[in-house]
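*Asks:* Dropping a structure here in structure tokens format, bear with me for questions.
The values are calculated or read from the model by the stated rules, or taken from the named source; none is laboratory data. Here the structure is a predicted model, which is why all the values come from computation and not from measurement. Methodologically, a virtual Cβ is constructed for each residue, glycine included, from the backbone with ideal geometry; neighbour enumeration extends over all protein chains shown.
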Amino acid sequence: MQHEYPINKQLKQLLDAILQDSRWDIKFLGMQIMVEGLALAAFGVMRDTTCNALLRDLTAAVMEDESRHVAFGVLSLREYFVDMTEKERVEREDFVYEAAVLMRDRILNREVWETMGLDADACVATSLESPLSKEFRRRLFSKIVPNVKSLGLLSDRQRARFADLGILEFEGNTSSDVDQAIEDEQRVRRGEIEAPAVH
């Protein structure tokens, strides 16, 4: 009998939090920065591990699209966050941190191990140390942390929490697909380059 897995518990919790919040900037922060960052990591791992040339080209094209979504979020939020009160900034830092914890826990696949009747704790511990899992986390947070910093949401308090998660090392990343997409969009607006063709 075929088994159908529901949406991952942590991802559902994050999506529910985004959808239930009435503030537009929280929706942008959740979807454009955090969830789209997750998509970029997932497609990046798929692109670089597949032996199928067509799948590699398809995922590369999807990644270009996803990077534009993230860039749109960064551009939309940067100026808006400049005028936030300290209370508002702390609330958004808390949201980002909680989302980061959920995304880290999402890729441990506990529900899969439990359904298979395996020792879930042992499998999760092994998964945390697997090269593929480590690479996925690296790709995920190497994009998200610099974007969070660029939005002014990486205070000393947030840095300490990111350090506990093991992701503060990505604070110094200065170049990413998002940065390039932003630069390209600005050059298009200035008329220096043509916009990419839409097929």
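*Asks:* Among the numbered conditions (1) surrounded by 18 or more Cβ atoms within 10 Å (Cβ to Cβ); (2) of a type outside the set (Lys, Arg); (3) at pLDDT 90 or above; (4) not in a loop (DSSP other than H, G, I, E, B), tell me where GLU98 comes up short.
*Replies:* Tallying (1) surrounded by 18 or more Cβ atoms within 10 Å (Cβ to Cβ); (2) of a type outside the set (Lys, Arg); (3) at pLDDT 90 or above; (4) not in a loop (DSSP other than H, G, I, E, B), GLU98 fails exactly one: (1).
*Asks:* Only one of these is under 13 Å from the mean Cα position of the chain (by Cα), modelled with pLDDT of 80 or more and surrounded by 13 or more Cβ atoms within 10 Å (Cβ to Cβ): VAL178, VAL145, VAL90, VAL112. Name it.
*Replies:* Exactly one of VAL178, VAL145, VAL90, VAL112 is under 13 Å from the mean Cα position of the chain (by Cα), modelled with pLDDT of 80 or more and surrounded by 13 or more Cβ atoms within 10 Å (Cβ to Cβ), namely VAL145.
*Asks:* Still on this structure, please answer the following. Which one of these is in contact (Cβ under 8 Å) with a residue 40 or more places away in the chain, of a type in the set (A, V, I, L, M) and in contact with a Leu (Cβ under 8 Å, 6 or more places away or on another chain): VAL124, VAL148?
*Replies:* Going through VAL124, VAL148 in turn, just one is in contact (Cβ under 8 Å) with a residue 40 or more places away in the chain, of a type in the set (A, V, I, L, M) and in contact with a Leu (Cβ under 8 Å, 6 or more places away or on another chain): VAL148.
*Asks:* Looking at region 1-95, what helices (runs of 4 or more DSSP H) fall wholly within it and have at least 1 residues that are touching a residue at least 12 places away in the same chain (Cβ under 8 Å) and farther than 22 Å from PRO146 by Cα?
*Replies:* 9-20, 36-49, 53-82
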